[in-house]
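Below you'll find the structure, written out as structure tokens, and then a few comments.
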Amino acid sequence: LENGTLSIIVLGASGDLAKKKTFPALFHLFKQGFLNPNEVHIFGYARTKISDDELRSRIRGYLIQGASSKDLEGVTKFLQLIKYVSGSYDGEEGFRQLDKEIAVHEDSKNSADGSSRRLFYLALPPSVYPSVCGMIKNYCMNNSDHGGWTRIVVEKPFGKDLESAEKLSNQIGELFDESQIYRIDHYLGKELVQNLLVLRFANRFFLPLWNRDNIENVQIVFREDFGTEGRGGYFDEYGIIRDIIQNHLLQVLCLVAMEKPVSLKPEHIRDEKVKVLQSVLPINDDEVVLGQYDGYTDDPTVPDHSNTPTFSTVVLRIHNERWEGVPFILKAGKALNSRKAEIRVQFKDVPGDIFRCKKQGRNEFVIRLQPSEAMYMKLTVKQPGLEMSTVQSELDLSYGQRYQGVAIPEAYERLILDTIKGDQQHFVRRDELKAAWEIFTPLLHRIDNGELNPLPYKPGSRGPEAADALLEKAGYVQTHGY
Ligand code: BG6
């Protein structure tokens, strides 16, 4: 990392995202020595008028969960790095004050040749992005005289459809260069998502097989076994497609489906991702199932007649030489029977099935993103014993067993470190975002207009039955016999 001061400014410091994700991720980086207390200062900014200590004690509870006594000392040291400034998101006064505080820190710690780096993390709703970015640009950029940089980190929901996202991109784009904007999709920080490129392009096994000649269908699945309690107000405005599918699952799809990039340079990788997104055909109504779990509207923050989907299966079709005819089935749901995120690549039947083992199921390659990261290949083997019969078994690489004792970093931790390093590989580029919205906007508008309505499903179930029927229609064959 470079020399000089680093100021990390968390805007929306008293909100849920900051407390649950941003500050704990910063703490983990601190613990591992990535945030040097001689250089780093952290500023929390929000509207609430509280003291430094009040903010610290609000955060503390989230840092000490599962901490050892040695960690507790670290927690105290870490909290000492945090200062709080209160102010509004659209008035200059607070931002002038913030700038002053940052400058005090920079002056006290910077050597003559050190640069001043400022990282603004917007843990805020997107409605205030433009005004906050404007304030930062006008009042908090005095560091530019000292070298260094200013970077802005934003989170989804980045817009609600193509038009609103483009508007937001234009507003922010007028203030900051694309190289300064880091759009987080935290799925890109997950270990097994980051593993996808290595898996696909560093293994001879996969190279010749990864195409329409061999693969029958691909599923990218996200399930949660809890509903939207506590955030119904947010969720109802967005729904499962905007919350999970248009961003997290689509990013995973890009990495599964893209061509090999020219190099590992962020721009080369993102160029390939954009091409995949641009090759997705318009979504067919017959290939969408929407669901809403019973009891969703009981939440007082959700309107009684809401038609917001909490579940959806959508089939995407990629119109290119590698994937034509292969359905990519994206499925996400709240309040289902389990919590799991996985990719399932199902291969075609073996031609000339002399073992008559077809009914046992096809080869399938499964990448479990969470929980318990794992990759396994389902394959047919001879049933051990005297008889010549077959059975489906697995080649299994479970991370918990294979990498015992290796701590897998949290997505946010990795991504924040990338923003400090200036590596945009795992962030969503503006054209990528646009292409992602282009795919889903027509469908989302039809749902918003009440033209498509969700089917009810029981909390704790697999979702509406129609989703399983769609899966079958798309050619997925459930494996039996294992
Ligand atoms: C967030 C969504 O982006 O991702 C939440 O807004 C969801 O609704 C969460 O619960 C899931 O993240 P993870 O890392 O637990 O799979």
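The values are calculated or read from the model by the stated rules, or taken from the named source; none is laboratory data. Just so we're clear, the structure is a prediction, and the values are computed from it rather than from any experiment. Cβ sites come from the backbone with ideal geometry, for glycine too, and all protein chains shown count toward neighbours. Just so you know, the surface numbers come from the protein's heavy atoms only, side chains and all, with ligands and any DNA or RNA stripped out. Shrake-Rupley method; radii C 1.70, N 1.55, O 1.52, S 1.80 Å.
Take the alpha-carbon centre of the range 204-261, take the same for the range 306-341, and report the distance between them in whole Å. Spelled out, the Cα-based centre of one part sits 7 Å from the other.
The relative contact order of the chain comes to 17 percent, based on Cα pairs under 8 Å that sit 6 or more residues apart. When peptides 372-383, 184-195 are sorted by average Cβ neighbour count within 10 Å, with the highest value leading, the order is 184-195, 372-383. Each part reduced to its alpha carbon centroid, the range 426-481 and the range 77-135 end up 40 Å apart.
Rounded to the nearest 20 debye, the dipole size of the range 155-286 about its Cα centre is 600 debye, using +1 on the Cβ of Lys and Arg and -1 on the Cβ of Asp and Glu. Extending 7 Å from Cα along the Cβ direction at F201 and again at L397 yields two label points whose distance is 1.7 nm. With both residues required to sit in the chain, DSSP beta bridges show an antiparallel share near 50%. In the range 174-305, the portion of solvent-accessible area held by carbon and sulfur atoms comes to 51 percent [1.4 Å probe, whole percent, DNA, RNA and ligands not counted].
Run through the range 39-148 and list the trypsin sites (Lys or Arg not before Pro) located in a DSSP loop whose Cβ has at most 10 other Cβ atoms within 10 Å. Display every interim value, and only then the final one.
Values: sites: R47, K49, R56, R58, R60, K70, K77, K83, R96, K100, K109, R117, R118, K137; in loops: R47, K49.
When the trypsin sites (Lys or Arg not before Pro) of the range 39-148 are filtered for loop state and at most 10 Cβ neighbours within 10 Å, K49 remain.
Extension gain for L379-N3 works out to 130.1 nm (0.36 nm per residue, less the C-alpha to C-alpha distance). Accessible surface of H105, taken over heavy atoms with a 1.4 Å probe and every protein chain present, rounds to 10 Å².
Placing one equal scatterer on every Cα of the range 321-463 and applying the Debye formula, the log10 ratio I(q)/I(0) at q = 0.14, 0.15 Å⁻¹ is -1.13, -1.22. Since only F427, L79, A202 are under comparison, the one whose Cα sits farthest along the positive direction of the charge dipole of the chain, derived from C-beta charges on Lys, Arg, Asp and Glu, is A202.
Using just the alpha carbons, could you tell me how many Å³ per residue the convex hull of the chain encloses?
Working: hull volume 79.0 nm³, N = 482.
It comes to 164 Å³ per residue, whole-number rounded.
A Förster radius of 41 Å, combined with the Cβ-Cβ distance separating D468 from Q278, puts the computed FRET efficiency at roughly 0.85.
The calculated FRET efficiency for the pair S461 and N38, based on their C-beta separation and a Förster distance of 45 Å, comes to about 0.25. Taking amide H as placed 1.01 Å from N in the peptide plane, the amide H of L452 sits under 5 Å from that of I447, each at least 5 places away or on another chain.
Assuming 0.36 nm per residue, please report the length gained on full extension of the stretch W149 to E321 beyond their Cα-Cα distance.
Details: separation 172, 0.36 × 172 = 61.92 nm, distance 4.21 nm.
Length gained, W149 through E321: 57.7 nm.
Scoring 249-255, 119-125, 402-408, 275-281 by mean Cβ neighbours within 10 Å over their residues and listing the highest first yields 249-255, 119-125, 275-281, 402-408. Evaluated with a Cβ-only charge set (Lys, Arg +1; Asp, Glu -1), the chain carries a dipole of roughly 1200 debye about its Cα centre, given to the nearest 20.
Note on E54: accessible area approximately 90 square angstrom, rounded to 10, probe 1.4 Å, nucleic acids and ligands left out. Ignoring any ligand, DNA or RNA, what whole percent of the accessible area of the range 402-482 comes from carbon and sulfur when the probe is 1.4 angstrom? On the range 402-482, the fraction of accessible area on carbon and sulfur atoms equals 51 percent.
With all protein chains in place and ligands, DNA and RNA left out, the 1.4 Å accessible area ranks E321, E410 as E321, E410, largest first.
Please calculate the 1.4 Å probe accessible area of Y62, with all protein chains present, and give it to the nearest 10 Å². Result for Y62: roughly 70 Å² accessible. The residues of the chain have, on average, 45 Å² of accessible surface per residue, using a 1.4 Å probe with all protein chains present.
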